[in-house]
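A short reminder: the numbers here are calculations on the coordinates, not readings from a lab. Predicted, not measured: the structure shown is a model, and the values here were computed from it. All Cβ positions, glycine included, derive from the backbone under ideal geometry; neighbour counts span all protein chains shown.
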Amino acid sequence: MDDLARPPRLVPPTTAVRESFLAGERDDHLASGDPADWLDDAHRDFEAFVASRRGVQERWGVPCTTFWYVSGEHYIGTLILRHRLTPELAEVGGHIGYHVVLPWRRQGHATRMLAAGLAESRRLGLDRVLLTCAAGNEPSLRVILANGGVHDGRARGEDRFWIDLTAVHATHSA
Ligand SMILES: CC(C)(COP(=O)(O)OP(=O)(O)OC[C@H]1O[C@@H](n2cnc3c(N)ncnc32)[C@H](O)[C@@H]1OP(=O)(O)O)[C@@H](O)C(=O)NCCC(=O)NCCS
């Protein structure tokens, strides 16, 4: 089957998408101006880079799982699931962070990727998840609202949203 005909899925980081991951993340970082030193490691030894991101990693002081959203050999984006919150994350950061690389934006991928991330959250045993999004980040706001986000105030310039996973079960199975 043509790769592009395959519905994208959330999977653990995989060497199968090497070329599109490196190209997509490089272009994204060039466009945003964010530092991309970590990509040098990925270029040098992609296998080791992928291995270091699989499984549960301790980041932000909590256990985290990294997922890549892929269709065949095409890398579309990343979703990070933090298994619990610290007081800091409970204010800003939340349980889930994500991005979609530029060529794949505005095609509904982030909306569907978050829905799949909510299914993973539920599998982990979470009843609700917190997401935070910079005020004015219209695309991300829409992604969160489309997945049932309920606004719960603003902290340090970020809007906070809870998504009830017991309600999500009926409407957003992924
Ligand atoms: C936010 C982000 C993940 C959205 O990815 P995406 O795949 O383009 O999102 P979708 O295609 O699912 O679009 C979601 C909604 O935002 C809208 N949208 C997307 N890009 C937009 C833009 N640049 N301006 C205005 N609206 C936009 C879409 O039309 C869609 O609206 P709808 O549901 O009313 O039709 C992506 O822009 C991104 O990676 N940004 C940088 C990282 C980031 O902000 N991450 C989120 C941190 S909270």
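Provide the packing ranking of 48-57, 110-119, i.e. peptides ordered by the mean count of other C-beta atoms within 10 Å per residue, highest first.
110-119, 48-57
For the chain, what ratio Rg/Rh do Cα atoms give with a Kirkwood hydrodynamic radius?
0.95
Under the 0.36 nm per residue contour assumption, what length would be gained going from the current alpha-carbon distance of A167 and R54 to full extension?
Roughly 37.7 nm would be gained on extension.
Assuming 0.36 nm per residue, please report the length gained on full extension of the stretch A90 to W38 beyond their Cα-Cα distance.
16.0 nm
Note down the nm distance, to one decimal, between modelled labels 7 Å out along Cα→Cβ at R106 and at D27.
1.4
Rounded to the nearest 0.05, what FRET efficiency do L124 and L145 give with R0 = 22 Å and r taken as the Cβ-Cβ distance? Could you check?
About 0.45, to the nearest 0.05.
If packing is taken as the average number of other Cβ atoms within 10 Å across a peptide's residues, how do 95-106, 70-81 rank, most packed first?
So the peptides 95-106, 70-81, ranked by packing, come out 70-81, 95-106.
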